[in-house]
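Here the structure comes first, spelled out in C-alpha cells, and everything after it is commentary.
The values are calculated or read from the model by the stated rules, or taken from the named source; none is laboratory data. All values reported here derive from a predicted model rather than from experimental measurement. No Cβ is skipped: glycine too gets one built from the backbone with ideal geometry, and neighbour counts run over all protein chains shown. What goes into the accessible areas is simple: the full protein's heavy atoms, side chains included, and nothing from ligands, DNA or RNA. Shrake-Rupley method; radii C 1.70, N 1.55, O 1.52, S 1.80 Å.
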Amino acid sequence: MTQAENTYQHEVFLDHLRHRSDRKGERIWREHQQMQLSFLQRRGLRPSSTVLDLGCGPMRLGSVLIPLLSSGWYFGQDLNPETLAYGEEVLRQAGIAPDAPYTLMASERFDLSAVDRPVDIAFANSLFSHLTLNSIVTCLQQLRPVLARHGVLYATFFVLPPGQRWLEPQPRNKWGKAFFTYANQDPYHYSLAMLKAVARQAGYKLDLLSDFGHPTQVMGRFRQRRLLRAG
C-alpha cells in the first residue's frame, strides 16, 4: 500500500472511541461487531479454528472472537502499529490477557510471515473497499501460502450497481449517512466482473454471499481454484 492510498497509515482507526467508557453503546462498534461474529459462526467458526483478521483495526472483532477460540488461534493484521496498540488496550479492557491465543502484526504489504499455522478462515471486513486493485492482488497472493487446504477468505467490498458506469461516483447511504464511492479514490468500488478476474489471476474463485447484512457492502467468498478443480 502506498501512503496516498488511504489515510489509515497515519490515522488510528476509530480513535474517536478510544477514551470513551461507553464504546459498546456506539452503533458503529456494536452492530458491526455482532454482524461480523454472527456471520463467521454461521460459516463454520469453531473453538479450534485458526482465524486471520486482515485489516483488523482496534480489535472490534478480535475482542469478542479471541475468547471463543479455546483451542484455536487469532491472527490480526493491520497496516498501522498505533491502531494495533489501541487494539491491545481494547483487549485488556475486555479482560483478555496478553498470553491469550492471539498474534497481532503490523504490515503495509500484507507480510504474513508471523502466521505459523494453516488459516481456516481469513476475514477482511471493509478492507478491499479502501484498496486499489494492486493491493487487493497483493493481499490475495500473500494469503495463499498460509491458507489451509480448504481455507476460505471472506471479504467485503463496494460493488458497482448493475447498469452504472465504473468511472462515475456512486451514491451510498449507511444508516442515514450519505457518501460516494469512486473508481480512483478511497473508498473504491469495483464491478463484480473486475474482482472475479482479479481473483482468478491470484488463484481464487470469487462468488457472493447474501447472509452478511452489511448496509452498503457485499460479501465475497474467495476459494482456491486448484482445490475446487481437484474436488
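Taking every residue in segment 170-188 that is in a loop (DSSP other than H, G, I, E, B) and pairing it with any residue that is basic (Lys, Arg), at least 6 positions away or on another chain, the pairs with Cβ-Cβ distances below 8 Å are 175/27. Considering segment 50-69, the residues that are open to solvent by 20 Å² or more (accessible area, probe 1.4 Å) and modelled with pLDDT of 95 or more include one that is nearest to the chain's Cα centre (by Cα), namely 55.
The C-beta contact set for segment 189-204 (first residue over 21 Å from residue 162 (Cα atoms), second residue polar (S, T, N, Q) and open to solvent by 10 Å² or more (accessible area, probe 1.4 Å), distance under 8 angstrom, 6+ apart or interchain) comprises 202/141; 203/141. Scanning segment 132-150 for residues that are buried (at least 19 other Cβ atoms within 10 Å of the Cβ) and within 15 Å of residue 206 (Cβ to Cβ) gives 136, 139, 140, 143, 147. Here residue 138 fulfils each of the conditions (1) within 20 Å of residue 58 (Cβ to Cβ); (2) touching a Lys or Arg at 6+ places or on another chain (Cβ under 7 Å); (3) hydroxyl-bearing (Ser, Thr, Tyr) apart from (1). The residue that is surrounded by the most Cβ atoms within 10 Å (Cβ to Cβ), counting only those in segment 200-231 that are of a type in the set (Gly, Ala, Ser) and under 16 Å from residue 147 (Cα atoms), is 202.
Determine whether segment 166-176 contains at least one residue that is of a type in the set (D, E, K, R) and more than 23 Å from residue 39 (Cα to Cα). Looking through segment 166-176, at least one residue is of a type in the set (D, E, K, R) and more than 23 Å from residue 39 (Cα to Cα).
Can you tell me which of (1) closer than 21 Å to residue 225 by Cβ; (2) more than 19 Å from the chain's Cα centre (by Cα) is the one residue 168 doesn't meet? Just one mismatch for residue 168, condition (1).
Once segment 161-199 is narrowed to residues that are among the small types (Gly, Ala, Ser) and open to solvent by 50 Å² or more (accessible area, probe 1.4 Å), the residue that is farthest from residue 135 (Cα to Cα) is 176. What's the number of the only condition in (1) open to solvent by 30 Å² or more (accessible area, probe 1.4 Å); (2) touching a helix residue (DSSP H, G or I) at 6+ places or on another chain (Cβ under 8 Å); (3) among the hydrophobic types (A, V, I, L, M, F, W, C) that residue 158 fails to meet? Against the list (1) open to solvent by 30 Å² or more (accessible area, probe 1.4 Å); (2) touching a helix residue (DSSP H, G or I) at 6+ places or on another chain (Cβ under 8 Å); (3) among the hydrophobic types (A, V, I, L, M, F, W, C), residue 158 comes up short only on (1).
Counting only residues that are modelled with pLDDT of 70 or more and not aliphatic (A, V, I, L, M), segment 11-49 holds 17 of them. Restricting attention to segment 101-117, the residues that are outside any strand (DSSP E or B) and either under 14 Å from residue 51 (Cα atoms) or open to solvent by less than 50 Å² (accessible area, probe 1.4 Å) (or both) add up to 8.
Condition check for residue 153 on (1) in a strand (DSSP E or B); (2) over 16 Å from residue 195 (Cβ atoms): one failure, at (2). One residue stands out among those in segment 80-96 that are closer than 22 Å to residue 47 by Cα and open to solvent by less than 40 Å² (accessible area, probe 1.4 Å): the one that is nearest to the chain's Cα centre (by Cα), which is 87. Of the residues making up segment 127-150, those that are in contact with a helix residue (DSSP H, G or I) (Cβ under 8 Å, 6 or more places away or on another chain) and either in a strand (DSSP E or B) or hydroxyl-bearing (Ser, Thr, Tyr) (or both) number 2.
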